[in-house]
């Protein structure tokens with residue numbers, strides 16, 4: 001149960017009762033009434049803005065309305081105290097029995113606690129990674145990969161029909177550069193000394209196996225032929241090899257996409273032309289000359305000559321955007337438009353794109369195109385992942401010789417493990433830069449987020465093992481613990497931990513609606529820290545230990561509490577694709 005939703009329903013029912021009694025006017029707009037945690041714990045358990053929202057349409061002061069509603073809320077069996085604060089906010093304090101009931105609810109529902117059919121089966125497309133197929137993934141790609149993967153898992157858990165998609169940018173200049181780089185490695189495999197890779201080509205050793213494979217298959221067939229003949233052959237062979245490499249990198253992180261879409265195929269199938277014609281038929285294409293951007297370098301698609309322009313400003317963009325260059329070739333934006341049109345044609349009106357830090361300026365134009373293509377029926381949410389700075393004991397990590405210009409994601413996963421990568425890369429908001437220190441993320445200390453969360457889960461299982469030795473007859477399995485009496489849990493630290501755990505359904509819902517999976521990592525860290533504080537309290541004062549051999553009733557209640565915490569941690573880690581630890585071992 002999302003307790004905030006349930007209490008909002010209670011508030012709305014009291015408003016309806018006041019309307020029926022003639023104390024409030026009818027037809028009040030209640031859509032913006034909220035029930036939320038208060039800003040300060042001292043103000044109570046929940047707060048509502050109901051009186052502030054209704055004051056103006058009801059033509060009453062907020063405090064007058066708050067007084068009417070507060071009087072009714074005081075009668076509710078689960079509400080211990082009601083306070084009107086400031087200009088008219090209503091703060092509620094809930095009874096211990098209400099919180100004890102939430103604990104039983106967590107234990108009954110297990111790792112499904114908080115899961116709701118929010119999406120009701122609606123299809124949603126999550127496109128992430130989509131790195132150019134020009135080499136292995138680096139740690140920067142890893143951030144978008146983890147963000148998209150965990151978001152997709154979260155949305156699937158909350159009732160959406162999720163498609164995980166990868167867009168292969170296999171058309172354009174960068175794959176021609178890849179082909180030329182592969183051709184040099186091919187010549188090298190034939191025994192030719194190529195020396196240093198020329199500037200502008202891809203220098204990494206990862207293309208050596210591509211050259212060897214092409215030489216083994218075709219011999220010297222392409223060594224002395226004109227570029228026009230060997231370029232498509234090298235391009236196809238290199239792209240296939242790079243995509244196998246990328247899929248292996250993703251596999252090492254436990255990531256598997258449902259769909260791989262090809263930019264080149266969109267062009268070859270005429271879908272870029274079709275998208276252009278759709279916009280043209282709608283009167284959204286014209287021929288014009290754009291002014292060069294002021295104070296910035298001109299983008300690749302700008303020309304001082306007439307181009308075919310999309311009326312992006314009609315849909316909220318800053319300037320109109322070129323789709324076709326003066327020589328008749330498509331811009332990158334044109335193929336991206338065709339790609340999103342293809343998504344719409346496949347039934348996706350809810351699309352999420354996860355992009356790298358250098359694509360932030362591209363958002364408005366893409367959202368404008370989606371609105372134009374769908375007549376406003378489709379929505380595109382773009383999440384930009386900022387840069388990752390890779391460190392080792394505070395020092396920048398040197399580049400990988402194999403990769404040529406960066407440290408590969410595979411190397412990082414091999415060093416610290418996929419679980420660490422999947423969690424740590426979500427310990428900051430996606431729009432904030434992140435430091436990933438290879439030494440720090442494997443420390444067994446409270447300063448290491450994934451260790452601290454896993455340690456909380458392992459500590460619960462340690463307590464359960466201890467309970468077996470100390471009190472063999474005490475209830476320990478989840479089913480039995482769900483039925484115990486939790487009324488002995490009266491200490492503020494115990495109740496505070498229950499209150500925090502009971503907000504998990506709201507965290508899940510908000511993270512899913514806002515497309516912000518980092519909220520889960522933040523919450524798990526907060527929950528683990530609160531659990532560890534309660535553990536430490538028992539170390540300092542034996543009365544607060546979880547296992548009290550002389551009091552089976554209190555012990556069962558406390559075991560129920562900590563098992564509930566472990567279930568929420570396990571549920572959160574499951575969305576991350578991480579196995580919860582039952583025992584911590586030294587690395």
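Here are some notes:
- Residue exposure proxy: 519, 558, 389, ordered by other Cβ atoms within 10 angstrom of their Cβ from fewest to most, comes out as 389, 519, 558.
- Inter-site label distance for residue 61 and residue 393 at 7 Å from Cα along Cβ, in nm: 6.7
- Look at where the Cα atoms of segment 121-178 and of segment 423-476 average out, and the two centres are 28 Å apart.
- Peptides 72-79, 6-13, 103-110 ranked from most to least packed by the mean count of surrounding Cβ atoms within 10 Å: 103-110, 6-13, 72-79.
- Taking other C-beta atoms within 10 angstrom as a stand-in for reagent exposure, 134, 30 fall in the order 30, 134, fewest first.
- Ranked 150, 413, criterion: other C-beta atoms within 10 Å, fewest first: 413, 150
- Mean Cβ count within 10 Å, highest first, over the residues of peptides 458-469, 491-502, 217-228: 491-502, 458-469, 217-228
- Segment 173-252, relative contact order in percent, only Cα pairs under 8 angstrom and at least six apart counted: 40
- Hull shadow area, averaged, the chain [alpha-carbon convex hull, nm²]: 34.2
- Its relative contact order, with pairs defined as Cα atoms under 8 Å and 6+ residues apart, puts the chain at 16 percent.
- At R0 = 25 Å, FRET efficiency that the Cβ-Cβ distance of residue 248 and residue 205 yields, to 0.05: 0.95
- From most to least packed by mean Cβ count within 10 Å, the peptides 48-59, 428-439 give 48-59, 428-439.
- Angle between the chain longest axis and helix 449-470 axis [Cα atoms, degrees, rounded to 10]: 40
- Estimated from the Cβ-Cβ distance and a Förster radius of 51 angstrom, the FRET efficiency linking residue 477 and residue 386 is about 0.70.
Every read-out reported here was derived from the displayed coordinates using simple, explicitly stated rules and does not represent laboratory data. Everything numeric here is computed off the predicted structure, so don't read it as measured data. Every residue, glycine among them, receives a Cβ derived from its backbone with ideal geometry; neighbour counts consider all protein chains shown.
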